[in-house]
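Below you'll find the structure, written out as structure tokens, and then a few comments.
The values are calculated or read from the model by the stated rules, or taken from the named source; none is laboratory data. Note that the coordinates shown come from a computational prediction; the quantities given were computed from them, not determined experimentally. Don't worry about glycine lacking a Cβ; one is built from the backbone with ideal geometry, like all the others, and counts go over all protein chains shown.
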Amino acid sequence: MECLPVEVIGNILSRLGAARDVVIASATCRKWREAFRNHLDTLSFNSNDWPVYHDLTTGRLEILITQTIFQTRGLQCLSIFMDDVDEFSAAPVIAWLMYTRETLRQLLYNVGTTPNVNILEKCGRQKLEVLDLAHNSITGVEPSYQRFPCLKSLSLSYVSISALDLSLLLTACPKIEFLSLVNPEIAMSDSQEATMELSSPTLKKLYVEAISLDKFILEADSLESLNLKDCTLEYFDIIGKGTLKYLKIDDVSVLHLEIESTENLEVIDLSSFTIIWPKFYQMISRSSKLRRLRLWGVVFDDEEEIVDLETIAVCFPQLSHLSMSYDLRDGLLNYGLQGPTQLENVAVLELGWTVISDLFSQWVAGLLERCPNLKKLVIHGIVSEAKSHEECHMLANFTSSIVRLMRKYMRVEVQFEYE
């Protein structure tokens with residue numbers, strides 16, 4: 001150990017991450033102490049790492065963090081994640097940011113400040129590449145294109161910001177590739193509808209959770225991944241050059257969804273989503289490269305709409321992973337088995353129910369016949385705690401039918417996942 005270069009020791013300490021572990025390890029000897037001072041690049045203060053954090057007062061935490069940070073030189077990654085603290089005083093927070101700003105590349109900070117500190121102002125025009133902010137207020141963003149010349153990842157959670165400031169902030173990040181918005185408080189003027197318009201030529205991934213707007217318009221020519229979760233939107237529009245490959249929508253209410261180009265989509269994952277199927281299908285019908293399709297708990301706006309397997313087989317010939325949940329309404333089965341076209345490339349099939357029916361077994365058997373090269377079958381089911389006699393009987397019949405099916409399809413691996 002004595003032969004290790006001090007730079008290597010600094011790298012070892014950086015991999016520990018948690019501030020308490022780093023401080024304890026650095027007490028090994030003088031050489032390790034030097035590595036802590038001059039060659040540590042990662043430091044994390046997380047309330048989940050050490051139970052004692054929960055017992056310390058806010059003032060004591062501020063002193064502890066300040067003393068630890070000020071013993072280092074050249075920190076590149078700083079994480080301060082304290083669930084039990086509502087607010088830090090502005091003075092120590094400013095001191096941390098000013099002390100580390102010239103070398104910092106990643107900042108994760110989830111504690112509010114009193115009075116509010118403009119963290120963007122303290123970190124701007126530096127080397128910052130990753131910024132993850134929570135429980136903060138962002139105001140007065142300057143319309144400067146080079147405000148964050150190196151920033152590639154921006155995550156805002158439970159942050160108060162106006163639609164204009166968010167738009168300006170995105171414009172001020174000429175290299176941004178990832179944007180995450182989780183339950184933001186979007187300020188709007190009294191005279192305008194809840195509208196957000198964002199534009200970025202470099203953005204590749206967008207994650208939006210728990211947001212409610214009248215209009216959300218994004219212009220992104222390089223967007224590859226779009227993930228919407230628990231959102232209420234009247235109008236959502238993606239304007240781009242057809243680079244989108246991954247689309248996931250989970251528990252979202254949207255009246256009008258428009259994605260300008262879908263030719264390169266490879267994954268579509270829809271769950272707990274109400275859609276007008278003909279319009280949505282028309283939008284994705286050109287996605288001939290689609291490899292994974294998940295339609296789980298999807299509700300169709302028109303009760304008479306049915307998605308037949310023939311449509312899926314013809315339009316998505318490259319499909320290799322198909323997931324669908326069983327839905328029987330008024331005797332009509334969504335994802336019906338009409339048509340002769342087989343799903344030649346499907347290797348993994350995931351099927352499930354929310355309310356089991358005797359017809360589920362027949363549906364599974366029909367799907368197996370349409371997938372001649374299937375390798376794996378996953379059955380998802382919901383079993384109530386207070387199982388009725390009828391439900392127990394259906395489960396028994398289903399188990400028996402699956403056993404008979406597997407004797408016919410010995411090559412297929414079967415997996416059951418019950419809730």
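Tallying residues that are aliphatic (A, V, I, L, M), farther than 23 Å from Y109 by Cβ and not in a loop (DSSP other than H, G, I, E, B) within segment 6-60 yields 7.
Restricted to segment 130-151, and to residues there that are charged (D, E, K, R) and crowded, with 17+ Cβ neighbours inside 10 Å, the residue that is nearest to Y109 (Cα to Cα) is D132. The sole residue among L290, L255, L295 that is more than 19 Å from the chain's Cα centre (by Cα), closer than 26 Å to S325 by Cα, in a strand (DSSP E or B) and aliphatic (A, V, I, L, M) is L255.
Taking the stated definitions as given, is D49 surrounded by fewer than 18 Cβ atoms within 10 Å (Cβ to Cβ), farther than 18 Å from D132 by Cβ, in contact with a strand residue (DSSP E or B) (Cβ under 8 Å, 6 or more places away or on another chain) and of a type outside the set (A, V, I, L, M, F, W, C)? Considered against the rule, which asks whether it is surrounded by fewer than 18 Cβ atoms within 10 Å (Cβ to Cβ), farther than 18 Å from D132 by Cβ, in contact with a strand residue (DSSP E or B) (Cβ under 8 Å, 6 or more places away or on another chain) and of a type outside the set (A, V, I, L, M, F, W, C), D49 comes out as no. Considering the conditions (1) of a type in the set (V, I, T); (2) assigned to a strand (DSSP E or B); (3) under 21 Å from M283 (Cβ atoms), T243 is excluded by exactly one of them, (2).
Residues checked against (1) loosely packed, with under 13 Cβ neighbours inside 10 Å; (2) under 27 Å from A313 (Cα atoms):
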| residue | (1), (2) |
| --- | --- |
| R370 | no, yes |
| V378 | no, yes |
| I382 | yes, no |
| H389 | yes, no |
| L395 | no, no |
| F398 | no, yes |
| K408 | yes, yes |
| V412 | no, yes |
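Considering segment 262-305, the residues that are at pLDDT 90 or above and acidic (D, E) include one that is surrounded by the fewest Cβ atoms within 10 Å (Cβ to Cβ), namely E263.
The residue that is modelled with the highest pLDDT, counting only those in segment 342-358 that are more than 17 Å from R294 (Cβ to Cβ) and exposed (fewer than 14 other Cβ atoms within 10 Å of the Cβ), is D358. Tallying residues that are under 17 Å from I259 (Cα atoms) and surrounded by fewer than 18 Cβ atoms within 10 Å (Cβ to Cβ) within segment 206-220 yields 5. As a summary of the residue check, L170 satisfies the conditions (1) out of contact with any Leu (no Cβ under 6 Å at 6 or more places or on another chain); (2) surrounded by 17 or more Cβ atoms within 10 Å (Cβ to Cβ); (3) modelled with pLDDT of 90 or more except for the one numbered (1).
Of all residue pairs spaced 6 or more apart or on separate chains, those with beta-carbon atoms under 7 Å, a first member in segment 47-76 that is under 14 Å from R20 (Cβ atoms) and charged (D, E, K, R) and a second member that is outside any loop (DSSP other than H, G, I, E, B) and modelled with pLDDT under 95 are D49/A18; D49/R20.
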